[in-house]
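**Student:** One structure coming up, written as structure tokens, with questions to follow.
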Amino acid sequence: MTNIFEQAKNFYKEANLKCFNCGNEIKENELFSVTLTLPSKSKMPVGVLDKVLAKQANKVLCSSCK
Ligand SMILES: [Zn+2]
């Protein structure tokens, strides 16, 4: 059974923006590359950029992996 705090924790965990190649977390002020499919207007994500990208991006690469 998962409670709401566990769900929130998992959500936060998944929302971290990580390099798809080396797995390093993309940090503030860090340059990175992202491959993105533009979602349809009805599914357009709204929110904090790194969390949106973590969910929507096809590929995320840190500056040393791109
Ligand atoms: Zn990397």
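The values are calculated or read from the model by the stated rules, or taken from the named source; none is laboratory data. No experiment lies behind these values; they were computed from the predicted model shown. Virtual Cβ from ideal backbone geometry, glycine too; neighbours counted across all protein chains shown. Calculation scope for accessible area: heavy atoms of the full protein, side chains included, ligands and nucleic acids excluded. Shrake-Rupley method; radii C 1.70, N 1.55, O 1.52, S 1.80 Å.
**Student:** Tally the residues that are in contact with a Phe, Trp or Tyr (Cβ under 8 Å, 6 or more places away or on another chain) and open to solvent by 60 Å² or more (accessible area, probe 1.4 Å), restricting the search to the range 40-62.
**Tutor:** 1
**Student:** Which one of these does residue 37 not meet: (1) modelled with pLDDT of 90 or more; (2) surrounded by 11 or more Cβ atoms within 10 Å (Cβ to Cβ); (3) not aliphatic (A, V, I, L, M)?
**Tutor:** Going through the list (1) modelled with pLDDT of 90 or more; (2) surrounded by 11 or more Cβ atoms within 10 Å (Cβ to Cβ); (3) not aliphatic (A, V, I, L, M), residue 37 breaks only (2).
**Student:** Let me ask something else. If you go through the range 32-43 one residue at a time, how many are within 12 Å of the ligand (Cβ to nearest atom) and either touching a residue at least 40 places away in the same chain (Cβ under 8 Å) or more than 9 Å from residue 61 (Cα to Cα) (or both)?
**Tutor:** Residues that pass the stated criteria total 0.
**Student:** Turning to a different aspect of this structure: Among (1) open to solvent by 90 Å² or more (accessible area, probe 1.4 Å); (2) part of a loop (DSSP other than H, G, I, E, B); (3) modelled with pLDDT of 90 or more; (4) away from the ligand (no atom under 14 Å from the Cβ), where does residue 20 come up short?
**Tutor:** (4)
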